[in-house]
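K.L.:
So that we are looking at the same thing, I have put the structure below in structure tokens.
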Amino acid sequence: MTNKLNIKDLSWEDLNTLTQQLELPKFRAEQIWRGLYQHLAISSEEMKLIPKVQRDLLDKNYRFNSFQSYKKFVSIDGSVKFLFELWDGEKVEAVYMPWHDEEGKLERATICVSSQIGCGLDCKFCATGTMGLTRNLKASEIIDQIITCEKDLGITLTNIVFMGMGEPLLNFNNVMKSIENLSGGPFKKFRRKRITVSTSGVIPGIRKLAELQPPVKLALSLHATTNGARDKIIPLNQKSGGLNPLLLEIEKYYRKTKMPLTYEYIPFKGLNDTEQDAKRLAKIAKRVPSRVNLIPFNDISFTEPTGISASLRPVDDKKMNEFVNQIKSFGGVAIVRDTFGSDIDAACGQLALSEKESTENE
Ligand code: SF4
């Protein structure tokens, strides 16, 4: 383990200050930035344009990679799940998802990144929620999920979704810094409108996120249209005052940013899958330009759930199609989202949790 800072935790301004302090020529800052974000350097030796003596200066105080190792799991559908081991031995996941058009041409190359190790929000349908929160990820630890994925697979990603382990808006500063570094400086790796932050409904975080210019896209893990049902599966709902203040904040986000919203919704058998649910969902979705993504439930029975978690069941395909058509008939825009990696432990937190358990049992 090393206590050195990761160089990707520096902003563009910080990097300029550093090169001044080290008395390096001014243009080195841009070379280093491009080395990190354009050429995906994970060691100083890879930055051949920088003289060795200057690379040694950087190496003295900074490291270039967040992970001591990683494993990857390739699915038959083309998605790839990465399990990274950080310098403190903690594990975190990211998933690469290739989206193709009807002719089979690659349309989007998306990565779903994690923002925390574990999560403290305890949503009842989520494997990560059973782990509790260990710690926030640093900006560099988020950025390196993306850099490592691109480097390993030899691809250029087009989209980022903060929808992996953790609640991104409860690690606000690090998530913002990662977004700023990935979309700023002399090499803008991603456009902001290709970045989506997904939240379970952290109202103060949504308010702060709306201040970001240019803005990013926002997705809300809604999963229920009544407080009764949402309280059961997302404990944060009750703690933050229920659906009304949340939906008002979402509307304000749209008014401020003009970014269309996404509502994520897992229909569970007998809990939130009635025609009335579809009607309420369409009504919510029509408040501002938005789309409902219906997500098939990923089984988390390997976590040996108790209470409400143990009673959650997926709807079958027929019900899913009926539900999507009901939302459309009430005027909402809705799709059933493709699922990726069902053969490689796709549920969020599933790999990290099974690895954690197997290491604990060693
Ligand atoms: S769904 Fe997201 S916010 Fe909820 S417990 Fe899982 S990781 Fe945390």
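K.L.:
Report relative contact order for the chain in percent, whole number only (criteria: Cα-Cα under 8 Å, sequence separation at least 6).
P.N.:
Reported relative contact order: 15 percent.
K.L.:
Using bins 10 angstrom wide from zero, how does P(r) for region 13-166 break down, in % of all Cα pairs?
P.N.:
10, 34, 30, 20, 6, 0
K.L.:
Turning to a different aspect of this structure: Taking the chain as a Gaussian network, where each spring joins two C-alpha atoms under 10 Å apart, which residue of 276, 21, 54 fluctuates the most?
P.N.:
21
K.L.:
Let me ask something additional. Read phi for every residue in region 183-196 and hand back ³J(HN,Hα) as whole Hz from Karplus 6.51 cos²θ - 1.76 cosθ + 1.60, θ = phi - 60°, with x for Gly and Pro.
P.N.:
So the Karplus estimates, Gly and Pro as x, are 10, x, x, x, 10, 8, 5, 10, 7, 4, 6, 9, 10, 10 Hz.
K.L.:
Right, something else. When the dipole is taken about the Cα centre of the chain, and only Lys, Arg (+1) and Asp, Glu (-1) are charged at their Cβ, what size is it in debye, to the nearest 20?
P.N.:
That gives a dipole near 1580 debye.
K.L.:
Sorted by average packing, counted as other Cβ atoms within 10 angstrom per residue and highest first, what order do 165-171, 213-219 take?
P.N.:
165-171, 213-219
K.L.:
When the accessible area of region 5-63 is split by element with a 1.4 Å probe, what percent falls to carbon and sulfur?
P.N.:
Of all accessible area on region 5-63, carbon and sulfur atoms account for 55 percent.
K.L.:
Convex hull over the Cα atoms of region 191-343, averaged projected area in nm²?
P.N.:
9.5 nm²
K.L.:
How large is log10 of I(q)/I(0) for region 249-314 at q = 0.11, 0.12, 0.23, 0.29 Å⁻¹ when the intensity is taken from the Debye formula with one equal scatterer per alpha-carbon?
P.N.:
Evaluating at q = 0.11, 0.12, 0.23, 0.29 Å⁻¹ gives log10 I(q)/I(0) of -0.37, -0.43, -0.96, -1.22.
K.L.:
Related question: So for region 100-204, what percent of the C-alpha to C-alpha distances run longer than 22 Å?
P.N.:
I get 34 percent for the Cα pairs in region 100-204 exceeding 22 Å.
K.L.:
Report the residues of region 89-112 in range of a label on residue 152: point 7 Å along Cα→C-beta, backbone N strictly under 19 Å from it.
P.N.:
89-99, 109-112
K.L.:
If Lys and Arg each add +1 and Asp and Glu each add -1, what is the summed charge of the other residues whose beta carbon sits under 10 Å from the beta carbon of residue 45?
P.N.:
Neighbourhood net charge equals +1.
K.L.:
Once you keep just the Cα pairs under 8 angstrom separated by 6 or more residues, what percentage relative contact order results for region 145-236?
P.N.:
26 percent
K.L.:
Label-point separation (nm) for residue 302 and residue 23, each offset 7 Å from Cα along Cα-to-Cβ?
P.N.:
Each label point lies 7 Å from its Cα, and together they span 5.6 nm.
K.L.:
For the chain, set up a GNM with springs between Cα atoms under 10 Å and report which of 81, 269, 138 has the largest fluctuation.
P.N.:
With Cα springs under 10 Å in the chain, the top fluctuation among 81, 269, 138 is at 269.
K.L.:
Sticking with this one: Could I have the simple spin-label model distance between residue 87 and residue 339, label points 7 Å from Cα toward Cβ, reported in nm to one decimal?
P.N.:
3.9 nm
K.L.:
Please give the length that would be gained between residue 3 and residue 251 if that part of the chain were fully extended, namely 0.36 nm times their separation in residues minus their C-alpha to C-alpha distance (nm, one decimal).
P.N.:
85.0 nm
K.L.:
Let me ask something additional. Just to confirm the number: angle between the C-alpha axis of helix 28-37 and the first principal axis of the chain, 0 to 90 degrees, nearest 10?
P.N.:
Between the helix axis and the principal axis of the chain, the angle is about 40 degrees.
K.L.:
Something else: Nearest 0.05, what FRET efficiency do residue 244 and residue 38 give at R0 = 51 Å with Cβ-Cβ as r?
P.N.:
0.65
K.L.:
Once you've got the GNM for the chain with C-alpha springs shorter than 10 Å, pick whichever of 331, 154, 228 has the biggest mean-square fluctuation.
P.N.:
The residue that fluctuates most here is 154.
K.L.:
Could you calculate, for region 5-63, the ratio of the Cα radius of gyration to the Kirkwood radius, expressed as Rg to Rh?
P.N.:
Expressed as Rg/Rh, it is 0.89.
K.L.:
For the chain, just run the numbers: alpha carbon Rg, then divide by 2.2 N^0.38 Å, N being how many residues it has.
P.N.:
After normalising by residue count via 2.2 N^0.38 Å, the value is 1.02.
K.L.:
Which order do peptides 29-39, 306-316, 288-298 fall in by mean Cβ count within 10 Å, highest first?
P.N.:
29-39, 288-298, 306-316
K.L.:
Could you tally the net charge around residue 157, taking each other residue with its Cβ under 10 Å from the Cβ of residue 157, Lys/Arg +1 and Asp/Glu -1?
P.N.:
Combined, the nearby Lys, Arg, Asp and Glu give +2.
The values are calculated or read from the model by the stated rules, or taken from the named source; none is laboratory data. These numbers were taken from a predicted model, which means no experiment stands behind them. Ideal geometry is used to build each Cβ from the backbone, glycine not excepted, and the neighbour counts take in all protein chains shown. SASA here: full protein model, heavy atoms, side chains in, ligands and nucleic acids out. Shrake-Rupley method; radii C 1.70, N 1.55, O 1.52, S 1.80 Å.
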